[in-house]
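Here is the structure we will look at.
The values are calculated or read from the model by the stated rules, or taken from the named source; none is laboratory data. For clarity, every value in this text was computed on a predicted model and none was experimentally measured. Using ideal geometry, Cβ is built from the backbone for each residue, glycine included, and neighbour counts are taken over all protein chains shown.
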Amino acid sequence: METFSDGTISGQGDTVEGKKSGPWTFFYRNGAVKGEGSFTDGVMDGAWVWHREDGTLMRSGQFVLGEQRGEWTTYDRMGAPHKVTNLG
């Protein structure tokens, strides 16, 4: 678990030998979900999703051992796809 300076939770998930591992969820100070995805050996790996502070979907895509890969979608404030970028 990670916290902001005031003690509220900023991130929650497991660690293995001090490195983030498996599913993690990150939060804004107000408790809303900021991002969700998985880590492998301390680096982002697999599907990730980010939200705006109001809860609307902001961006989604895939990481492969810490590198952005494939299609990344950015969403407008209504949650509709706005832009798709192919990162190979």
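Contact map, the range 1-20: residues that are part of a strand (DSSP E or B) paired with residues that are at pLDDT below 95, Cβ distance under 7 Å, separation 6+ or inter-chain. Pairs shown: I9/M1; G11/M1; Q12/M1.
Search the range 25-40 for residues being in contact with a strand residue (DSSP E or B) (Cβ under 6 Å, 6 or more places away or on another chain) and either of a type in the set (A, V, I, L, M, F, W, C) or assigned to a loop (DSSP other than H, G, I, E, B) (or both), and hand back the single one that is nearest to M78 (Cα to Cα). Filtering first and then ranking leaves V33. Among all residue pairs at least 6 apart or on different chains, which show Cβ distances below 7 Å where the first residue, located in the range 27-50, is surrounded by 14 or more Cβ atoms within 10 Å (Cβ to Cβ) and the second is in a strand (DSSP E or B) and of a type in the set (V, I, T)? Short answer, once both residue conditions are applied: F27/I9; F27/V33; V33/T25; G35/V49; E36/T25; E36/V49; G37/V49; D45/V64.
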